[in-house]
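This report refers to the structure that appears directly beneath it.
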Amino acid sequence: RIFVEAASWEDTIKEEAHEKKEARTMKKRKRKDAEEAPFDTLLRTQTKISASAGRKIAVTGLPAVCTKKTLYKRVRKCGSVLDVHFPIEGHPGVAFLFFKTTEDAAGALKALDGHVFKGAKITARPYEEEKAMERARLIIRNLPFKCSEKAIRSKFAPCGDVIDVTLPTKPDGSPRGFGFIRFATVEQAQKGLEEVNGQKVLGRKVAVDWALAKTQYEAIAQTLKEETAAIPNKEEEEEEEQEEEQEEEQEEEQEEEQEEEQEEVQEEEQEEEQEEEQEEVQE
């Protein structure tokens, strides 16, 4: 009976360990899928309105304090708004606006481009133009937390015309340690990648790459592709991996202890059986 209970307990522990491993694997898979998901896939899943060309515009540079409600209150003054897509996961400060007519969209472009909203200067462009410009976007990892937009612009200025710089923050307002920069052309972005990657920004070496993995970028050519999840800070990611490794080590140690306990139980049972047999022989 003791052996059966021990085996049952061991099975329960193994099942729990297996579930934890599956959960970690699923977490890694979701993170990878989020990083590789194309931007147009995001747009298809989030956009339920089929708007013809000329009726949708993109607004960038929106401040962190902006909400969908406050943005709608501002843009509805420009024309008849059918829908506002904001926030868009993986694209801080970006919103897509859908208007009833091309005239409404044109009026919104004129009113919003260069407008200061909630303390931030925003940019408004036709969606198709914004789509093309997204191809010239880079991600900068391992940024020092004290890094500012001005410092990024200064570092990349020799490479070409910088359209905008975005430095994502956490819910509490603290920096996440990475940022995005967009150039006027893909050629300028290429130059920025080659000249700044591996260089120091405010004393810290940074890693620069296409906001979309370069292999995908080359494969899609003229098609817009973009990452859709806030890329985690490199240091935080390493800490998570270390924690997972420690958990796995602890689980392995527990399994070894359980096996040792099971062997001890079996040995005790065998000793008891031998003692009983000796007693029977003596009798």
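The values are calculated or read from the model by the stated rules, or taken from the named source; none is laboratory data. Owing to the predicted nature of the structure, the values given are computational and were not obtained by experimental measurement. Cβ atoms come from the backbone with ideal geometry, glycine included; neighbour counts cover every protein chain shown. Each accessible area value is taken on the protein alone, full model and side chains, heavy atoms only, with ligands, DNA and RNA left out. Shrake-Rupley method; radii C 1.70, N 1.55, O 1.52, S 1.80 Å.
Tabulated data
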read-out: Residue order for His115, His18 - accessible surface, 1.4 angstrom probe, largest first; value: His18, His115
read-out: Cα-Cα over 27 Å, subset of Lys110/Lys155; Lys77/Lys155; Lys68/Lys121; value: Lys110/Lys155; Lys77/Lys155
read-out: With DNA, RNA and ligands ignored, accessible area of Asp209 (1.4 Å probe; Å², nearest 10); value: 60
read-out: In Å², nearest 10: area of Asp113 left accessible to a 1.4 Å probe; value: 80
read-out: Accessible surface of Lys146 - all protein chains present, 1.4 Å probe, nearest 10 Å²; value: 150
read-out: Accessible area of region 84-123 belonging to carbon and sulfur atoms, whole % at 1.4 Å probe; value: 53
read-out: Cα→Cβ-extended label distance, 7 Å offset, between Glu247 and Glu22, nm; value: 1.5
read-out: Alpha-carbon spread of region 56-139, three principal axes, descending order, Å; value: 35, 27, 22
read-out: Accessible solvent surface per residue of region 56-211, calculated while the other protein chains remain in place, 1.4 angstrom probe, Å²; value: 47
read-out: Contour excess over end-to-end distance, with Cα ends at Glu280 and Thr185 and 0.36 nm allotted per residue; value: 24.9 nm
read-out: Length gained when the stretch Thr67-Glu128 is fully extended (0.36 nm per residue, less Cα-Cα span); value: 19.5 nm
